Structures are given as structure tokens and as C-alpha cells.
1. Taking every eigenvalue of the Cα gyration tensor of region 78-135, multiplying by 5 and rooting it, what semi-axes result, largest first, whole Å?
2. Lysine pairs in region 29-143 with Cα distance under 27 Å, only those 8 or more apart or on different chains: how many are there?
3. Tell me the chymotrypsin sites (Phe, Trp or Tyr not before Pro) within region 172-211 that lie in a loop according to DSSP and have at most 16 other beta-carbon atoms within 10 Å.
4. To the nearest 20 debye, what charge dipole does region 40-151 have about its Cα centre, counting +1 at the Cβ of each Lys and Arg and -1 at the Cβ of each Asp and Glu?
5. If the reach is capped at under 14 angstrom between alpha carbons, list the aspartates and glutamates near Lys21, excluding any in the same chain fewer than eight residues apart.
6. Please list, short to long, the whole-number percent of alpha-carbon pairs of region 1-129 in consecutive 5 angstrom bins beginning at zero.
7. Where does region 72-211 land on Rg/Rh, using Cα atoms and the Kirkwood Rh?
8. Only four residue types carry charge here, +1 at the Cβ of Lys and Arg and -1 at the Cβ of Asp and Glu. Report the dipole size of region 92-147 about the Cα centre in Debye, rounded to the nearest 20.
Amino acid sequence: MRVESFALGPLQTNCYLLTVKDEETGKERGLIIDPGMNPKGLLKRIADTHIEAILLTHAHFDHMGGVDEVRKAAGCPVYIHDLEADWLKDAGKNGSMRWQEVTPPLTTDPAEYALDEGMTLTLLGEKFRVMHTPGHSPGSVSFLHGNDLFSGDVLFRLSVGRTDLPGSRERDLYDSIQGKLYKLPDEVKVYPGHGPRTTIGFEKANNPFTR
């Protein structure tokens, strides 16, 4: 499976495109994690790709700002944790009302599917484990595929997610990181919502917020 990243919108949110080639047809199939604002480059890239789903790690505006454009272009369903399902249609809850110097108020249609702890999604013929990792937001989730972890805004390289936003909770964030993510093998690669890739082992040894 190939992983490509796109830094989208004014906050340079990492959007991930995961693709495989269909063995029977030779055509490319894909899955998108966190389509942020201004997704023109992403839309151009997926013009000839069959997108099976959009997965959202959480519903802050910089992670869901491109959902409408991408969903309409790709004709695919959206998945989000139930605790933030209503954030997609509420500019106050998704933060876009608060940050109007960055974006106009953003809303989108409801997601088609709800996520929860322990679910296994079968997409692109592969298994993706859903880990509920609240703290940065109540419905934050991380997606684990083999040794690849898509952590949203929970864990970054040498940093962690903000907990000064409505619905965030510092204790929950550290419980999510130390009680769930740090239980994963050291070699697991972490693809965060912002900034460069890292690994679980590197963060356990070096992240100043969790040592």
C-alpha cells in the first residue's frame, strides 16, 4: 500500500491518500484520511482513482474543510466517531466559527458511517483498526494499519495535541497516548495530523510532553 501526504489549507493539515492497484483491473483504488481545506491538489491527484472512503480522525475544521468537495468528486462515504457526528454541520463545534481570520464558517452533510473503539474496517482489501483516542477532542480516533498509525492531532513528532479547545481534556489525551498508542510496538510509524512522520519508539524515548 502506498501512502501519500498533502499539506492542505492555511494550517497545513496533513491529508493522507492510501492507494493500492486492483490486481484484476489494474486500476487504482484509494482511501483518504482528513481532507482539509483547499484540496485542489488532492482532487487533481485522485481524478482517475476510485476512492472507497473518507476517514476523519476528528471534526475540527482544518481536518474536515475539504470533505464536501472530495465527497462530491469521489462519490464515497465518510466515517467519523459518533461523539463528533454533529460537528460536521455545526460551525461552532468544529471551530470554524471561532477562527474566522483563517476560514469562513464551514459545515458539511452528515457522515454516512459511525466509528467506535475496537472496530475493524475493511477498505482496499486491508484491515484498519479504529482506536478511540480522545483528549484533543472527545471523538478523536487513530487508525492502525499494520505498522502504520494515522494519529490525527493526538500525537506529533516531539509534541502532542492541544487541550485548550472546547471539548478537549488534558488527562484524556495523556491516557490515550500512554495507555493506548505507547502500547503499540516501537517500530510503528506515526503519520500525524500536522508536521513530519515519527515512530512510537522515538516518541516514547524523546517526546518531552510524555516522558
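Every read-out reported here was derived from the displayed coordinates using simple, explicitly stated rules and does not represent laboratory data. All figures in this text were calculated on a predicted structure; none of them were measured in a lab. Cβ atoms come from the backbone with ideal geometry, glycine included; neighbour counts cover every protein chain shown.
1. Numbers: eigenvalues 144, 30, 21 Å².
Whole-Å semi-axes of the equivalent ellipsoid: 27, 12, 10.
2. Taking the Cα cut-off of 27 Å, the pair count is 9.
3. Phe209
4. About 280 debye.
5. Partners within reach: Asp48, Glu52, Glu126.
6. Histogram of Cα-Cα distances, whole percents per bin: 2, 11, 22, 23, 20, 13, 6, 2, 1, 0.
7. On the way: Rg = 15.4 Å, Rh = 15.9 Å.
Here Rg/Rh amounts to 0.97.
8. Dipole about the Cα centre, nearest 20: 140 debye.
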